[in-house]
Amino acid sequence: MADTDDAQEVKEFHTDVKQQTESYFLKGSNSLDWGMKNRLARIFNSRSGNTVMLAVDHGYFQGPTTGLERIDLNIMPLVPYADTLMLTRGILRSLVPPSMTTPIVLRASGGSSILKELSNEEIAVGIEESIRLNVCAMAVQVFIGAEYEKQSIINMTRLVDMGNRYGIPTLAVTAVGKDMVRDARYFRLATRLCAELGAHYIKTYYIEEDFETVTSCCPVPIVIAGGKKIPELDALKMAHNAILKGANGVDMGRNIFQSESPTSMIQAVAAVVHDRETPDKAFELYNELSNQRT
Ligand code: 5RP
């Protein structure tokens, strides 16, 4: 039995103070359950509302991508500057120390390679595995307009159902075929469709024209992919414009890990995404940090 001799008789119930109810900071996410919200709050910074996801999952369909040949040497030093690490379970188990506490977004679709039709994917990771790996979200590719469009959409809805059961959010990644037009009309269709069918947040590409119409009619947060490597200043401008036009962050790979100085670049991207630094100022930071390293 508990020893109650020292139990205090005087209590303070603060009957005059109304209990605070925090409204959730993330777009379209207020009605989600606690576990789901808590995971999303580890991905998105509640101060800025945004995230810098470091995407290193390219190997799941294209093998050892330039810059990702040695994840242990090239990527692990960047992790302290990322809000989230997006990768496959194979790389996670074989190369990422379990003492690392950066939230994991797990690549959960697969089954095709660059040698064949890319849209022919399935769910490639079970929900138990995602729970076992303690991930914060699962990512699935959705190929709107491609040969296996329906299959990829159903992959997403199944993942959403499984994730909802256990409080794990689903990131829908809108994949665009080589010959498809990348314009606002297409991205409005792709992102809205994913949101309507239950994705908790969506990754898409930035476009110069009318990107704000893509973010405004998508009811959940959008993060942008970096795409092919471009000069550092241009990548910073892209991130800056995306945030300005309503994106909630980046899920950037090649423009970080293929940079001349990846550690400097990820910090410059974070300055744009979290502190709304201008591209020129962030580029100054990039140069400063790069020079310190040489
Ligand atoms: C692959 C992916 C990648 O994570 C994505 O393309 C992000 O990387 P990058 O910035 O290099 O485009 O989803 O399908």
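Residues in the stretch 255-294 that are surrounded by 21 or more Cβ atoms within 10 Å (Cβ to Cβ), assigned to a helix (DSSP H, G or I), within 16 Å of the ligand (Cβ to nearest atom) and of a type outside the set (A, V, I, L, M, F, W, C): 1 in all.
Would you check if D33 is acidic (D, E), within 12 Å of the ligand (Cβ to nearest atom), modelled with pLDDT of 95 or more and over 12 Å from A137 (Cβ atoms)? Against the criterion (acidic (D, E), within 12 Å of the ligand (Cβ to nearest atom), modelled with pLDDT of 95 or more and over 12 Å from A137 (Cβ atoms)), D33 does not qualify. Note on the stretch 77-91: among residues that are outside any strand (DSSP E or B) and within 14 Å of the ligand (Cβ to nearest atom), the one that is farthest from the chain's Cα centre (by Cα) is I91.
Taking (1) under 13 Å from N50 (Cα atoms); (2) more than 16 Å from the ligand (Cβ to nearest atom); (3) aliphatic (A, V, I, L, M) in turn, A195 satisfies each apart from (1).
Inside the stretch 49-93, residues that are within 28 Å of V220 (Cβ to Cβ) and basic (K, R) make up a count of 1.
Contact map, the stretch 13-27: residues that are surrounded by 10 or more Cβ atoms within 10 Å (Cβ to Cβ) paired with residues that are among the β-branched types (V, I, T), Cβ distance under 8 Å, separation 6+ or inter-chain. Pairs shown: K27/V220.
For the stretch 112-171, a residue qualifies if it is of a type in the set (S, T, Y) and either under 23 Å from S29 (Cβ atoms) or not in a helix (DSSP H, G or I) (or both), and the qualifying residues are S112, S113, S119, S130, Y148, T157, Y166, T170. Considering the stretch 128-142, the residues that are open to solvent by 20 Å² or more (accessible area, probe 1.4 Å) and either among the polar types (S, T, N, Q) or within 16 Å of the ligand (Cβ to nearest atom) (or both) include one that is farthest from the chain's Cα centre (by Cα), namely N134.
The values are calculated or read from the model by the stated rules, or taken from the named source; none is laboratory data. Since we're looking at a predicted model, the values are computed, not measured. Here Cβ is always computed from backbone atoms with ideal geometry, including for glycine, and neighbour counts include all displayed protein chains. Accessible surface is based on the protein model in full, side chains and every heavy atom, while ligands, DNA and RNA are left aside. Shrake-Rupley method; radii C 1.70, N 1.55, O 1.52, S 1.80 Å.
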